[in-house]
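The values are calculated or read from the model by the stated rules, or taken from the named source; none is laboratory data. Only a predicted model underlies this, so the values are computations on that prediction, with no experimental measurement involved. Backbone-built Cβ (ideal geometry, glycine too); neighbour counts: all protein chains shown.
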Amino acid sequence: MTENNLLSLIIFAPLFGAFANWVYGGWFKQRNELVSGAIACTAVGISTVVAFMIAFGIGTPHQGALFADKPVLDQIWTWITVGDFRADFALGMDRLSGIYACFVTFVALFIHIFATGYMHGDKGFYRFFAYLNLFMFAMLTLVLADNYLLMFVGWEGVGLCSYLLIGYYINKDEPRRAAKKAFVMNRIGDWGVLMGMFLIFTMTGSISFFDKTVDGQQVQSVFTWVSQNIMTAEPFTWGIIFAGGLTSAALLLFIGATGKSAQIPLLTWLPDAMAGPTPVSALIHAATMVTAGVYLVVRSNIIFQYAPTAMWIVAIIGAATAIFAATIGLAQNDIKKVLAYSTVSQLGYMFLACGVGAFVIAIFHVMTHAFFKALLFLGSGSVIHGMHHEQDMRKMGNLKKYMPITWITMITGWLAIAGIPIWAGFFSKDEILYYTFSGKNLPNGWIAGDWNWILWAVGVVTAVFTAVYMTRMMVMTFWGNERFHDELPEEDHHDHAGDDDDHDHHEIPPDFKPHESPLTMTVPLIVLAFFSTTIGLIGVPYAMSSLVGLGDVNKFYDTLKPAIYKVKKEDKGESKEVKNFYFKKKAEEGKEAHDPDAIFTERVLAALSVLLALFGIGLGWMTFSKNPLKRMPKLFEQKWYLDEIYNKGIVDPITSISRNGLWKGFDVGFIDGTVNGIGNFVSELGSFVRKLQVGFVRSYAAFILFGALLVIGYFIYYAFRLLS
Amino acid sequence: MDFITENLITILILLPAFGALAVLGHSIFWNEVKHLKWITLGITFVIFLVSLLLLGDSTLSANGYYFEKNVVWIEAINTNYHVGVDGLSLWLVILTTFIMPIAVLSTWDAVEKRHTAFYVFLLLLQSAMIGVFVSLDLLVFYLFFEASLVPMFFLIGIWGGSNRIYAAVKFFIFTALGSLLMLVAIISLYYMHFQQVGFGTFDYITLLNSLQSGKLIYGAGSTGTLLFLAFALAFSIKVPVFPFHTWLPDAHTEAPTAGSVILAAVLLKMGTYGLMRFNFTLFPEASRELAWIFIILAIIGIIYGALVAMVQPDIKRLVAYSSIAHMGFVILGMFSFTELGMQGALYTMLAHGVTTGALFLLVGFIYDRRHTRLISEYGGLSSIMPIYATFFVITTMASIGLPFLNGFVGEFLIMIGMWSATILSGSWNKIAAMLAGTGVIFAAVYLLWMVQRVFFGKLTNEKNRNLRDLNAREIGLMVPLLFLMVFMGVYPKPILDASKNSVVAIQKIVNGETKGGTVSTLKVKEK
């Protein structure tokens, strides 16, 4: 067991930063933006440095967490111990959380820097950074937690910060509605995490992620228990979902993941969350928090691998969300909404990867996506900043002339997400499609047979859509004619939902010219653009690297692979040959074999992907460069009417039943009515009695007397029977 | 000092009563209204400090209690003044003494009439409440239980809102009706003991020992069940368990702030405390047999309370309904009969006392300023009263059950306790936990919706433009509560450790794992 108390510094530095900013701005009422910004950025900077130190073993007495067999642990205090239940406030960094901690802190650092420029002049500058640091505390707690309960603390914490930051512009209606919606929808998912945790605890007697010794007590991890006690995967039946085994646990956890990562059916909060300031959208709603669901699934990968039914459902939900959100993304006019639906769609890809067993690739995509989506969001923030808080792409156009840095950096993001080789998104997305098609990592007992090519087809179509809508966004924003003063069609005037501004929507002055953003904003853009271009190179699969004469250079895969549990595949045997006809040879033990046929397949698929991406870009270019305002299908524009369906189908009935049925009907009508009725009856009786006796009998008093006498009489009768 | 530790509990019961006399005396001889609140505040604060001595060292009595005192009271009916604290009552007593100075301060300037009577009733109420939690003699317990009704009745009826008479009478009728049945049951126990063992007794410990050693048996019939129900009805109305809850919203809404705070923080806990202390140990079989009813009612309470809270137009009423939901959690945890669930239930009692007490305080602050509690009258307050808004949001988050705030620990333990329980057959334990878990979602809905409508958005009502933010007294009131919310959420260990042994002892009895023993073998080992 490796211990390093520095781990806690990663989470506590931002917490202290939040506190310091609050004291500085809230208590002493200081409004110096330089100080507030410096506090926040330094705090995250410390986290970043320490995270990289421990992850890579720089200047630490132990091996870096990314290369070690054992996690680096840090027991801070014992939080709850009741009976057999034990939850420590303890952190642990293994290969998975190490990767996460590194890219989260790194991306966050640059988003913080960007935000100091973007939020310049805002009244609540210190408050914004206090929340942002608080978010970092919660997010890093989520990632570094050494047990499910502490992870849940971070999980709820990021939800809270998301709530606070979406509703940051508290004086406006839309943000606060969106904030509440986000919190509540996340809570529905949280229910799943809680229940999943209960099930895991009752099954395994532990909620810990790592084997460890605390206070001389041996703590066995959940995953060790599963690997020692579960021998075969749970076969598919519909009943297994509710049987209370690993499948149930996996699916309950996945409910949580759908909430946090905006998957079907809990996806509608994320696009609304764009009402928050743009750096928040970049940090929380693109790069970090929304991928927590993927983290949860990958962290629990052993549970999922023994529950093929659950993985099947994860894959289907992922693929369905990917294409569903992509269709909506095609038709949005708000630049941030396009990116929001794109995020939902990309998250769908990540779950598709999890569902087909490519957990490593899922995390790879999480990481590349964190870079290029943060870049795209910050780029959109720069655009919005330059456009005086106009977010509607129909009022933009030809911005490349005014904002060259933003333009060029966003092009790299565009190429990355569209899947053009060597940009980051290409490698990760392509690997997902390859694993989906080949079924190489499918778990024992996967039930879809040969049909996983349908999932692959969905993924490919989504990829084309992605290229189209991103091209549309780029064209509408940076190319074409300048439409700054154009009037919008009448019907859309109410649609200022996501206006990212503290003051009311105002008319753009007639002599308006967009401007390039300051250095604090463009430097982070350039840094992120660099990584969006190159970060994919750490995970180049053999099929690609061998093309240019390199051997096995997939560092990412080698690093993360040991964190993924390897289920013995003994019971697959023959059927694997049949199912995956393109594999003649199975992977050997230990070192992965490079099967020539598989490499060929992978290359063909990759070529196809590139062609389709180019096709998508071409299609988008042809369509929108001529007519940037081309109307898209109404169904897509209205988001398949999902919000309306939820409101009419769920929210309204519950409210109405609560108000008219439960409260006014049952509480006031029935219970009080009954009590008062009896009271009135007795009172009537009383007024009758009053004629005989002088005195006023209060209805209630009479009622109680009557009732009590009756009951006491019965008891006395009973007591006498006992005595006799 | 020895005298104090020797008679600590008696001192705690009597101090408020003496305080009431002092207030009375002062008003007779000097009648300086301004002094009264200072006297009361001083006394309640001293009582709080004295009550902290309960945490100090003390020897464990043979019966398993600390600071136990057993003196003959009325020899003819063999009733003793028998008091003591264990892990179960310890924190409830401290909660009571802690909340009283806050309650006094909460209505610092809001009492407009009959000042003397107001403070006398508050202090008498405190005596009664402490008495309830420390009594180990059923008759003494009953007297304190009833005695707590009277001051509260007057607090609501005299200093309450516009509909106060209706609310006060409703409160009195509901709760008195239940406790009358309990009296009958207590007398039955006395006679049964007389009949079977040879002498009648009201002493809880004696009764428990007779039951455990098999000297006193209820027989095969429904006697045990009936007695259980008589006790349970009294406590269920107090909690209140659905469907006996309709007195609560009225009482809370009409009561003055101090009354609401005490009602929420302490009075409701008398019900859950009674169930755990008396029902579980005196009628373990009946408790187990009828647990399913309470579990169902608890779940209904959780969901029903939350749904009805959601549509309330009145903030105070909303908080009152949220109490019903929270107390549903407490009942659920207790009736899981697991250590996790019961510890969680006790913890939630304390957490709810702090959080809901704080919410009522906060509602009181705004009511003092605007004399309305309607949500629709507010909007955009956060820009006018930022400190108030911050406190309110933190308290709301604690009530929602956000981790690292106090509400979470208890509710989490309750749910995981229910999940791992065996009291219901098969998967029903898990289903019960899953249903209760939905309450966590609804809590977020109704509280955040309220917060959103009251605090965020544009200032919609011009009358709110000139509202003052919290003053020093109000901030001073909230700070200890906020500190406790965080402390109890982050470091629950000391509280849980202190109650562990007592709760486990009760859990063993109710699960029938101790048959043939006596209480002295079940005693708590350490505090």
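Just wondering, is there one or more residues in region B:106-117 that are under 22 Å from the mean Cα position of the chain (by Cα) and either assigned to a helix (DSSP H, G or I) or modelled with pLDDT under 85 (or both)?
Yes, the conditions are met somewhere in region B:106-117.
Looking at region B:406-416, which of its residues are more than 10 Å from chain A (Cβ to nearest Cβ) and among the aliphatic types (A, V, I, L, M)? Please lay out each step first, then the result.
Initial filter on region B:406-416 (more than 10 Å from chain A (Cβ to nearest Cβ)): B:406-407, B:410, B:414.
Across region B:406-416, the qualifying residue is only B:ILE414.
When both residues are 6+ apart or on different chains and their Cβ atoms are under 9 Å apart, which pairs have a first residue that lies in region B:145-158 and is small (Gly, Ala, Ser), and a second that is assigned to a helix (DSSP H, G or I) and surrounded by fewer than 18 Cβ atoms within 10 Å (Cβ to Cβ)? Note: pairs meeting the criteria are B:GLY157/B:ILE165. May I ask you to verify whether B:MET397 is crowded, with 24+ Cβ neighbours inside 10 Å, modelled with pLDDT of 90 or more and at negative phi? So B:MET397 passes the test. Out of A:LEU150, A:LEU91, one residue alone is in contact (Cβ under 8 Å) with a residue 12 or more places away in the chain, surrounded by 23 or more Cβ atoms within 10 Å (Cβ to Cβ) and either within 12 Å of another protein chain (Cβ to nearest Cβ) or in a helix (DSSP H, G or I) (or both). It is A:LEU150.
Given the conditions (1) at the interface with another protein chain (Cβ under 7 Å from one of its Cβ atoms); (2) crowded, with 24+ Cβ neighbours inside 10 Å; (3) touching a residue at least 40 places away in the same chain (Cβ under 8 Å); (4) not small (Gly, Ala, Ser), and given that B:TRP419 satisfies all but one, which numbered condition is not satisfied? Against the list (1) at the interface with another protein chain (Cβ under 7 Å from one of its Cβ atoms); (2) crowded, with 24+ Cβ neighbours inside 10 Å; (3) touching a residue at least 40 places away in the same chain (Cβ under 8 Å); (4) not small (Gly, Ala, Ser), B:TRP419 comes up short only on (3). Is it fair to say B:GLY259 is more than 25 Å from B:VAL503 (Cβ to Cβ) and either more than 14 Å from chain A (Cβ to nearest Cβ) or surrounded by fewer than 24 Cβ atoms within 10 Å (Cβ to Cβ) (or both)? Here the answer is yes, as B:GLY259 does meet what is asked.
Per the conditions (1) within 11 Å of chain A (Cβ to nearest Cβ); (2) touching a residue at least 24 places away in the same chain (Cβ under 8 Å), the sole criterion not satisfied by B:ASP368 is (1). The set of residues from region A:285-342 being over 20 Å from A:PHE364 (Cα atoms) and not in a helix (DSSP H, G or I) comprises A:TYR306, A:ALA307, A:LEU330, A:ALA331, A:GLN332, A:ASN333, A:ASP334.
A Cβ distance below 6 Å, combined with a sequence gap of six or more or placement on separate chains, defines the contacts here; from region A:32-59, residues that are outside any helix (DSSP H, G or I) reach residues that are crowded, with 17+ Cβ neighbours inside 10 Å in the pairs A:GLY57/A:GLY64; A:GLY59/A:MET53.
Within region B:373-388, the set of residues being more than 9 Å from chain A (Cβ to nearest Cβ), within 23 Å of A:GLY26 (Cβ to Cβ) and small (Gly, Ala, Ser) comprises B:GLY379 only. Looking only at residues of region B:5-55 that are over 19 Å from B:VAL93 (Cβ atoms) and of a type in the set (Gly, Ala, Ser), we find that the one that is modelled with the highest pLDDT is B:GLY42. Pairs are defined by a Cβ separation below 6 Å, a sequence spacing of at least 6 or placement on different chains, a first member in region A:1-12 that is closer than 14 Å to A:GLY154 by Cβ and touching a residue at least 24 places away in the same chain (Cβ under 8 Å), and a second member that is among the small types (Gly, Ala, Ser) and crowded, with 18+ Cβ neighbours inside 10 Å; the pairs so defined are A:ILE10/A:SER47; A:ILE10/A:ALA51. Of the residues in region A:233-241, at least one is in contact with a Pro (Cβ under 6 Å, 6 or more places away or on another chain) and either modelled with pLDDT under 90 or among the hydrophobic types (A, V, I, L, M, F, W, C) (or both). Could you check, for region B:206-219, whether at least one of its residues is without any contact (Cβ under 8 Å) to a residue 12 or more places away in the chain and farther than 20 Å from B:GLU75 by Cβ? Looking for residues that are without any contact (Cβ under 8 Å) to a residue 12 or more places away in the chain and farther than 20 Å from B:GLU75 by Cβ, one finds at least one in region B:206-219, hence yes. Of the set (1) assigned to a helix (DSSP H, G or I); (2) surrounded by fewer than 24 Cβ atoms within 10 Å (Cβ to Cβ), all apply to A:SER345 but (2). Taken together, A:TRP79, A:TRP27 contain a single residue that is within 14 Å of chain B (Cβ to nearest Cβ) and either buried (at least 17 other Cβ atoms within 10 Å of the Cβ) or among the hydroxyl-bearing types (Ser, Thr, Tyr) (or both), which is A:TRP79.
Filter region B:316-336 down to residues that are over 14 Å from B:LEU248 (Cα atoms) and away from chain A (no Cβ under 12 Å) and give me whichever is surrounded by the fewest Cβ atoms within 10 Å (Cβ to Cβ). Talk me through it step by step, then tell me what you get.
First, pick out the residues of region B:316-336 that are over 14 Å from B:LEU248 (Cα atoms): B:329-336.
Going one step further and asking which of them are away from chain A (no Cβ under 12 Å), we end up with B:329-332, B:334-335.
Details: B:PHE329: 33, B:VAL330: 33, B:ILE331: 29, B:LEU332: 32, B:MET334: 32, B:PHE335: 33.
Within region B:316-336, the match that is surrounded by the fewest Cβ atoms within 10 Å (Cβ to Cβ) is B:ILE331.
Is at least one residue of region A:120-142 crowded, with 24+ Cβ neighbours inside 10 Å and outside any helix (DSSP H, G or I)? The answer is no, given that none of the residues of region A:120-142 is crowded, with 24+ Cβ neighbours inside 10 Å and outside any helix (DSSP H, G or I).
Considering region B:435-487 alone, what residues qualify as being facing chain A (nearest Cβ under 9 Å) and free of Cβ contacts under 8 Å to residues at least 12 places away in the same chain? Scanning region B:435-487 gives B:ILE441, B:GLN452.
To keep it simple, each residue is scored yes or no on (1) at pLDDT 75 or above; (2) in contact with a helix residue (DSSP H, G or I) (Cβ under 8 Å, 6 or more places away or on another chain); (3) small (Gly, Ala, Ser); (4) in the same structural domain as A:PRO271 (by TED's automatic domain parsing).
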site	(1), (2), (3), (4)
A:ALA448	no, yes, yes, yes
A:VAL458	yes, yes, no, yes
A:THR471	yes, yes, no, yes
A:GLY480	yes, yes, yes, yes
A:ASP486	yes, yes, no, yes
A:HIS494	no, no, no, yes
A:VAL523	yes, yes, no, yes
